[in-house]
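Taken together, the values in this text are just the output of simple stated rules run on the coordinates, not laboratory data. It should be emphasised that the depicted structure is a prediction, and the values quoted were computed from it without experimental measurement. For neighbour counting, all protein chains shown are included, and Cβ atoms are generated from backbone atoms with ideal geometry for every residue, glycine included.
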Amino acid sequence: MDSSIDEVPNNMSKKKESDPLIMATKINISSKDDNNDGIYLSWKDLWVSVPDKKVGRRPILEGISGYAQPGEVLAIMGPSGCGKSTLLDALAGRLASNTRQSGDILVNGRKQALAFGTSAYVTQDDTLMTTLTVKETVYYSAQLQLPQSMPLHEKKERAEETIKEMGLQEAMNTRIGGWSLKGLSGGQKRRVSICIEILTRPKLLFLDEPTSGLDSAASYHVMNRIIKIAQQDMRTIVASIHQPSSEVFELFDNLCLLSYGKTIYFGSSSKANEFFAINGFPCPYMRNPSDHYLRTINKDFDNIEEGFGKNIISSSKAIDTLVMSYESSEACLNVRQKVLTICQK
């Protein structure tokens, strides 16, 4: 690294919790390299409600259960307003003060707070300083986040390693840029935001719609990098995804599909199509599976086609059918058994 960025500028030496260089809303600030144990995250019968003037309280999540495990990426999907971000915030301990939560969220099978340095959260918006280069942004953040006991050369190495992990080595000397300054592409900016959060090597990473605002190619490159760091370092990654392309969808290990606070499906993403087909909603040939799932469980569409016979039914009926089928399915039973197994570790 250049000597010009050996020290943090004076105006950055006293960091604030909302400093865009150190947070895309951070949860923790330190990490231990010698902690190679992965994190198993599980939740049972999780309910979340918010105040409502008409009915007192309105449920956002209704008794959902699931898990995320090391080396895998769990995708949380569903139509707008289904509770994706609420579930992500509940798991990360970021719910607003006016929300009410019940049920269990377990870390390695125990009800406990996440230890310092074990988790990080990347928000939808990229809060980066437009005038800094990629190298400066990540290195200054490393100086602010990493322990003071860590030698300066190790912080430099960590910053460079992280930049390479996210495939940004060719853009290290490019400015972030903004509306008045040409710089990185949208996908590259998103990867810089992720770089900042993985500097401390968190074992648990939350991503709120990391592909939002990106085209299909940029979305694939961002998610492909995320998949690689999950597999290489045995990290547990939970991401809310709005509408992935078919290529991005195939990258996910597990899928949590929600509709208006209820679980439609939880299990292997590759087996979701079979679940929909069994219940009368097969994915048409050559259609993006995620598009098909979201269309089927979205109440904004009045009616949908059932099967290939073109029978028309209401979207509300389709959702109820899928919810009831899931609750009695082998997939739901597998989730319960997996959560129980995690609790017994």
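Worth a mention:
- Counting other Cβ atoms within 10 Å as a rough exposure proxy, the listed residues LYS338, LYS262 run LYS338, LYS262 from fewest neighbours to most.
- 3J(HN,Hα) couplings calculated from phi for segment 124-136 with the Karplus curve 6.51 cos²θ - 1.76 cosθ + 1.60 (θ = phi - 60°) are, in sequence order, 5, 8, 8, 9, 10, 7, 5, 8, 8, 7, 4, 4, 5 Hz; Gly and Pro show x.
- Taking label positions 7 Å along the Cα-Cβ direction at both TYR285 and ASP37, the computed distance is 5.2 nm, reported to one decimal.
- Cα centroid separation - segment 243-264 against segment 198-226, whole Å: 15
- The chain, helix-only ellipticity at 222 nm - DSSP H runs n ≥ 4, -39,500 (n - 2.57), divided by all residues, nearest 500: -10000 deg cm²/dmol
- Three-way shape label, the chain, alpha-carbon gyration tensor, a/c 1.5: prolate
- Taking other residues whose beta carbon is less than 14 angstrom from the beta carbon of PRO59, and scoring Lys, Arg as +1 and Asp, Glu as -1, yields +2.
- Gyration tensor (alpha-carbon) shape descriptor, segment 196-294, a/c threshold 1.5: prolate
- If both residues of a DSSP beta bridge must be in the chain, then about 65% of such bridges are antiparallel.
- Exposure proxy for LYS189, LYS203: other Cβ atoms within 10 Å of each Cβ, ordered fewest to most, give LYS189, LYS203.
- All other residues whose Cβ lies under 13 angstrom from that of SER268 are scored, Lys and Arg at +1 and Asp and Glu at -1, for a net of -3.
- Overall form of segment 177-230: oblate. Here a/c, set by the Cα gyration tensor axes a ≥ b ≥ c, is 1.5 or more, and a/b is not larger than b/c.
- Computed magnitude of the charge dipole of segment 220-283 (debye, nearest 20; Cβ of K, R +1, Cβ of D, E -1): 140
- Segment 188-232, dipole about Cα centre (Lys/Arg Cβ +1, Asp/Glu Cβ -1), debye to the nearest 20: 240
- Dipole axis of segment 80-165 (+1 Lys, Arg; -1 Asp, Glu on Cβ), positive-most option in GLY81, MET129, GLN101: GLN101
- Neighbour counting of Cβ atoms within 10 Å sorts the residues ILE278, ILE241, ILE76, fewest neighbours leading, into ILE278, ILE241, ILE76.
- Put the Cα centre of segment 65-110 next to the Cα centre of segment 131-158 and the gap is 31 Å.
- Estimated dipole of the chain in Debye, rounded to 20 [Cβ of Lys and Arg +1, of Asp and Glu -1, Cα centre]: 780
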